[in-house]
Amino acid sequence: MTTILNEIEISGKSLMKNRQCCVRIVPSEEGVIKFFVEDSSEPIIADVDNVVSTNHCVVLGNKRNKIMLTEHFMAACAFSGIDSLDVYVSKSEMPILDGSSKKWVELFNEAGIEKQNNKKEFYTVSEPIYYLNGKTHLVILPDEELNITYAVNYEHPDLENKWIAYNSKSIKEKANEIVEARTFGYLKDLKKFQLFGFARGVTYENTLGLDKEGYTTELRNEFEPIKHKILDLVGDLYLTGINPLNLKAQIIVKEAGHAVHVIAAKMLKDKLVKI
């Protein structure tokens with residue numbers, strides 16, 4: 001079990017509804033990440049079985065409340081090695097901050113992360129996991145180390161038939177490239193999404209806009225949108241209760257999104273084997 005040493009708090013606007021939201025993060029010794037929404041005493045456990053929607057973002061819920069946009073926070077927990085927190089949220093959506101996991105990781109480091117002497121536990125899969133649907137693929141195979149390959153083919157000059165691959169060593173060495181990768185979307189689709197009540201908190205600072213000519217702002221690193229897809233994948237797979245960075249598996253993904261990540265996470269949860 002790993003948690004933070006000190007309580008931390010941050011406020012910011014939400015991406016979907018553009019509402020001000022305050023988050024208070026408290027150390028925990030329960031070994032799970034729990035969300036408490038709008039002063040509710042009934043927690044929402046960060047578990048794939050509690051996913052109630054993947055429409056534009058991951059939404060966790062119980063009978064009384066829901067919490068939107070959990071993926072960036074969960075990815076930050078994964079990269080920080082944190083698995084035990086109580087998270088108190090004033091609204092039903094986590095703040096978008098800068099559109100990545102960077103600020104969450106910085107907050108964890110400022111609060112201090114409890115150092116455990118326990119030996120790190122590794123997992124693999126008891127049998128291959130496949131999800132194939134048209135152009136979308138997600139495959140998880142047993143391997144001797146973690147290997148993640150993510151491929152995209154978007155209508156964009158930089159993102160046509162492109163892929164990025166990390167192994168267990170390079171994902172540690174280049175973790176910052178993934179952690180700082182911002183959410184993105186096509187500029188032409190923004191007004192349509194906003195008419196349907198989504199993406200109302202989009203700004204040039206928190207979202208990387210794609211158009212036919214390039215990007216609405218300068219990239220933080222090469223192929224930033226693909227690295228954000230890996231960030232989302234890590235956050236979504238962490239809902240299995242096992243840090244995906246501790247998997248010894250080959251994960252191959254092509255043009256997936258939150259819905260497919262969650263389907264794979266549900267299958268993965270049932271096939272995890274401790275090494």
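The table below lists the values:
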{"read-out": "Shape metrics for the range 86-243, restricted to C-alpha atoms - Rg then Dmax, Å", "value": "17.5, 51"}
{"read-out": "Modelled FRET efficiency - R0 25 Å, residue 19 with residue 215, Cβ distances, 0.05 increments", "value": "0.40"}
{"read-out": "For the range 187-270, the spread of Cα positions along each principal axis, largest first, Å", "value": "40, 31, 20"}
{"read-out": "Residue with peak Gaussian network fluctuation, the chain [Cα springs, cutoff 10 Å], from 247, 233, 141", "value": "141"}
{"read-out": "Long-range Cα-Cα pairs in the chain (distance over 23 Å), rounded percent", "value": "51 percent"}
{"read-out": "Residue (of 268, 108, 52) at the positive-pole extreme of the chain, dipole from beta-carbon charges", "value": "52"}
{"read-out": "FRET efficiency estimate (nearest 0.05) - Cβ-Cβ, residue 270 to residue 55, R0 22 angstrom", "value": "0.35"}
{"read-out": "Separation between Cα centres of the range 55-124 and the range 245-268, rounded to whole Å", "value": "18 Å"}
{"read-out": "Three-way shape call for the range 20-77 based on the alpha-carbon gyration tensor, with the a/c threshold at 1.5", "value": "rounded"}
{"read-out": "Full-stretch length increase - residue 191, residue 161 - with 0.36 nm per residue and alpha-carbon distance subtracted", "value": "8.1 nm"}
{"read-out": "The range 89-174 pair-distance distribution - Cα-Cα, 10 Å bins, rounded %", "value": "11, 25, 35, 26, 3"}
{"read-out": "Gain upon complete extension [residue 143, residue 66; 0.36 nm per residue less C-alpha separation]", "value": "24.1 nm"}
{"read-out": "Estimated dipole of the chain in Debye, rounded to 20 [Cβ of Lys and Arg +1, of Asp and Glu -1, Cα centre]", "value": "500 debye"}
{"read-out": "Over the range 211-257, volume per residue of the alpha carbon convex hull, in Å³", "value": "113 Å³"}
{"read-out": "Residue among 225, 157, 27 with the largest mean-square fluctuation in a Gaussian network model of the chain, springs linking Cα atoms under 10 Å", "value": "157"}
{"read-out": "Selection from 8, 223, 41, by position along the positive dipole direction of the chain (Cβ)", "value": "41"}
{"read-out": "Global geometry of the range 7-106, whether rounded, prolate or oblate, following the gyration tensor of its Cα atoms and the 1.5 cut on a/c", "value": "rounded"}
{"read-out": "At most 14 other Cβ within 10 Å, DSSP loop - trypsin sites (Lys or Arg not before Pro), the range 38-111", "value": "63, 64"}
{"read-out": "Assigned charges on the beta-carbon of Lys, Arg, Asp, Glu; the range 82-208 dipole about Cα centre (debye)", "value": "400 debye"}
{"read-out": "Nearest-20 debye value, the range 123-275 charge dipole, Cβ charges on Lys, Arg, Asp, Glu", "value": "440 debye"}
{"read-out": "Förster-model FRET efficiency, 22 Å R0, residue 169 and residue 109, C-beta, rounded to 0.05", "value": "0.50"}
{"read-out": "Entries in 135/274; 17/227; 34/271 that, when Cα-Cα distance is taken, lie over 30 Å", "value": "135/274"}
{"read-out": "Gaussian network model of the chain, Cα within-10 Å springs - most flexible of 146, 97, 132", "value": "132"}
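Read-outs throughout are calculated quantities, based only on the coordinates presented, and are distinct from any laboratory measurement. A quick note: this is a predicted structure, and the numbers were derived from the prediction, not measured. No Cβ is skipped: glycine too gets one built from the backbone with ideal geometry, and neighbour counts run over all protein chains shown.
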